[in-house]
Amino acid sequence: MPYDDLRHFVEKLEESGQLLRVRDEVALEPDLGAAGNALGRFGERAPALWFDNLRGFPGARVVMNVHGSWTNHALALGLPPGTAVREQVEEFGRRWDAFPVPVERRADAPFLENGVGGEDVDIFGILPLFRLNDADGGFYLDKAAVVSRHPDRPDDFGEQNVGTYRLQVIGKRRLTVIPVAVHDLGRHIAAAESRGEDLPIAIALGNEPTLPIVAGMPIAAGDSEFEMSGALRGTPAPITAAPATGLDVPWGAEVVIEGVVEARQRVHEGPFGEFTGQYSGGRRVPVVRVDRISYRTRPIFEVLYLGTPWTEIDYLMGPSTCLPVLKELRASFPEVRAVNAMYTHGLLTIVSTGTPYGGFAHAVGVRTATTRHGLGYCKVVVVVDDFVDPFDLPRVMWAISTKADPGRDVIRLPSMSITPADPGSSPQGISDKLVIDATTPVFPDERGEYATPVRDLADADAWFERLTELRGAPAAGAPDEGSRR
């Protein structure tokens, strides 16, 4: 049964033993950030955290780590909690192929229960804001779905973008937003500013669990994230019109913030502890003026902790970054078997492919770095043979150590686009990229001694099943040994 809002998914997490309620009184700072930081030590079955006894903010409720384990990610997709990562990615691909699924428009959204507008807006009075890491430059809304439309085509539903962007609170009705140029919001802001106009936006907080997944997916411009959410859910995504802007927003959102990106206004923002495990420094970014906030009674403030991997964002973004790269590569190279773009949000990507002729894997690697997702996040690309599982990291390391020739198989791509959050980029957003060909050389690239490989024995699969039965099946809900893969 798909979840129409965050509240029902939280109930499912608790029913599955994946929600931990912290009943003691805690301080917003430093307790909540430290708790989020500690969750990474739980590994692949880390629970979501629920706080409702917050010092100085009576009645407030905060939930963290909703997607922050492979168990929680499986539950978000309606899969058994013990589903291995590789199976989750494969199922993700099957549902992707069902795209698009038309939306369901609903009235009487729960977030219309309360609302404030104009000078009465005070985001500090509605949300219990806190810094995630001690050197953050301010408070952030880091798990929001930001909705905008191309100003030249305001009636085109496909040109309506739903994305996750970094939002800093800089005043009771002012935010900042970082629109990377290759992202749809960046294109929308640029188009509006070229006309000297503000860009209307809506920001939805606390959403049903497939929307944060699709809001971070690098899908093609013109494809609807809401229709992709329906594909992942297996049923139409419920949406409604935001009251001030008319933009489409998730029907079940806890909080909807509406306003405009002010044309040609820039202020300093940051720093912020990013998914790379480094603080990204300050920069001048666009400003959002908030004109209305609508919210459910006692809204749940959903927060995403970021820091040294793995944290919730790696589980949240990992599978959803594999499939877009795979689909785009296969359109040119049907020999590509699988893509693992999960590690540190895809800054390192592993591609397995058939190699019909020498030099082919080099081309696949270069193309990976220039896919829509690869432009921002594929900084290092490793290409392996089609019999190497890219999710099996020990086998990938074996391929690199025995197949890659540093003199021929390492390709440097100078001055390429990369996410500004990459701490190694200089200037921000520009970096050299690296392609490592770890495939077996084939004609006309004849070198080395690869003619007599050791193959898996014919009965190995049957023996694996037999030995697994003898050892005993893993406990229900426990991820198997390959679940990181």
Exercise for review: List every residue pair whose Cβ atoms lie under 8 Å apart, where the two residues are 6 or more positions apart in sequence or sit on different chains, the first residue falls within region 31-43 and is under 18 Å from Leu54 (Cα atoms), and the second residue, located anywhere, is open to solvent by 20 Å² or more (accessible area, probe 1.4 Å) and aliphatic (A, V, I, L, M).
Suggested key: Ala35/Val22
Exercise for review: Keeping to region 130-182, report how many residues are among the hydroxyl-bearing types (Ser, Thr, Tyr), within 13 Å of Ala202 (Cα to Cα) and either part of a strand (DSSP E or B) or over 20 Å from the mean Cα position of the chain (by Cα) (or both).
Suggested key: 1
Practice item. With the condition kept exactly as written, say whether any residue in region 388-402 is part of a loop (DSSP other than H, G, I, E, B) and open to solvent by 70 Å² or more (accessible area, probe 1.4 Å). Key: no
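Of the residues Val101, Val89, which is in contact with a helix residue (DSSP H, G or I) (Cβ under 8 Å, 6 or more places away or on another chain), at pLDDT 95 or above and of a type in the set (A, V, I, L, M)?
Numbers: Val89 fails: at pLDDT 95 or above.
Exactly one residue qualifies, and that residue is Val101.
Could you grab me the full set of residues in region 129-143 that are in contact with a helix residue (DSSP H, G or I) (Cβ under 8 Å, 6 or more places away or on another chain) and open to solvent by less than 40 Å² (accessible area, probe 1.4 Å)? Walk me through it before giving the result.
Just the residues of region 129-143 that are in contact with a helix residue (DSSP H, G or I) (Cβ under 8 Å, 6 or more places away or on another chain), to begin with: 129-134, 143.
Scanning region 129-143 gives Leu129, Phe130, Leu132, Asn133, Lys143.
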Review point. What tally of residues in region 81-94 results from selecting those that are open to solvent by 60 Å² or more (accessible area, probe 1.4 Å) and in contact (Cβ under 8 Å) with a residue 24 or more places away in the chain?
Key: 1
Practice item. Can you tell me which residue within region 238-275, out of those that are among the polar types (S, T, N, Q) and open to solvent by 20 Å² or more (accessible area, probe 1.4 Å), is nearest to Gly117 (Cα to Cα)? Key: Thr245
Practice item. Looking only at region 175-216, count how many residues are of a type in the set (D, E, K, R) and open to solvent by less than 10 Å² (accessible area, probe 1.4 Å). Key: 0
Check your understanding: Can we say Lys172 is among the basic types (Lys, Arg) and either free of Cβ contacts under 8 Å to residues at least 24 places away in the same chain or surrounded by fewer than 18 Cβ atoms within 10 Å (Cβ to Cβ) (or both)?
Key -> yes
Revision key, fill the gap. Flagged in region 217-237 as open to solvent by 10 Å² or more (accessible area, probe 1.4 Å), modelled with pLDDT of 95 or more and under 16 Å from Lys327 (Cβ atoms), in numbering order, are Glu227
Revision key, fill the gap. Considering region 311-363, residues that are touching a Lys or Arg at 6+ places or on another chain (Cβ under 8 Å) and among the hydrophobic types (A, V, I, L, M, F, W, C), and then whichever is farthest from Leu39 (Cα to Cα), we arrive at Phe333
Check your understanding: Of all residues in region 18-34, which are open to solvent by 30 Å² or more (accessible area, probe 1.4 Å) and under 24 Å from the mean Cα position of the chain (by Cα)?
Key -> Leu20, Ala34
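Looking at region 363-376, is at least one residue within 30 Å of Glu262 (Cβ to Cβ) and either among the charged types (D, E, K, R) or surrounded by fewer than 20 Cβ atoms within 10 Å (Cβ to Cβ) (or both)? Quick ask: steps written out before the conclusion?
Our first condition is that a residue be within 30 Å of Glu262 (Cβ to Cβ); within region 363-376, this holds for 372-373, 375-376.
Subsequent filtering for residues that are either among the charged types (D, E, K, R) or surrounded by fewer than 20 Cβ atoms within 10 Å (Cβ to Cβ) (or both) retains 372, 375.
Within region 363-376, one or more residues are within 30 Å of Glu262 (Cβ to Cβ) and either among the charged types (D, E, K, R) or surrounded by fewer than 20 Cβ atoms within 10 Å (Cβ to Cβ) (or both).
Looking at region 35-51 only, could you name the residues that are aliphatic (A, V, I, L, M) and buried (at least 16 other Cβ atoms within 10 Å of the Cβ)? If you could, list the steps in order and put the result at the bottom.
Pass one, region 35-51, residues aliphatic (A, V, I, L, M): 35, 38-39, 46, 48-49.
Scanning region 35-51 gives Ala35, Leu39, Ala46, Ala48, Leu49.
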**Study point:** region 95-122 residues that are farther than 14 Å from Gly234 by Cβ and touching a residue at least 24 places away in the same chain (Cβ under 8 Å), paired with ones that are in a loop (DSSP other than H, G, I, E, B) and open to solvent by 70 Å² or more (accessible area, probe 1.4 Å) (beta carbon under 9 Å, 6 or more apart)
**Key:** Pro110/Thr297; Glu113/Thr297; Asn114/Thr297; Val121/Lys172; Asp122/Lys172
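Can you tell me which residue is nearest to Val380 (Cα to Cα) among those in region 405-423 that are within 21 Å of the chain's Cα centre (by Cα) and among the small types (Gly, Ala, Ser)? Spell out how you get there, then give the answer.
Of all residues in region 405-423, those within 21 Å of the chain's Cα centre (by Cα) come to 417-423.
Checking the rest, the ones that are also among the small types (Gly, Ala, Ser) come to 417, 421.
Numbers: Ser417: 12, Ala421: 15 Å.
Of everything passing the filter in region 405-423, Ser417 is nearest to Val380 (Cα to Cα).
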Revision key, fill the gap. Of (1) of a type outside the set (Val, Ile, Thr); (2) closer than 21 Å to Glu335 by Cα; (3) without any contact (Cβ under 8 Å) to a residue 60 or more places away in the chain; (4) touching a Leu at 6+ places or on another chain (Cβ under 7 Å), Asp432 fails just (2)
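The values are calculated or read from the model by the stated rules, or taken from the named source; none is laboratory data. Just so it is clear, the structure is predicted and the values come from calculations on it, not from any experiment. For neighbour counting, all protein chains shown are included, and Cβ atoms are generated from backbone atoms with ideal geometry for every residue, glycine included. The accessibility values were calculated without ligands, DNA or RNA, using every heavy atom of the protein model including side chains. Shrake-Rupley method; radii C 1.70, N 1.55, O 1.52, S 1.80 Å.
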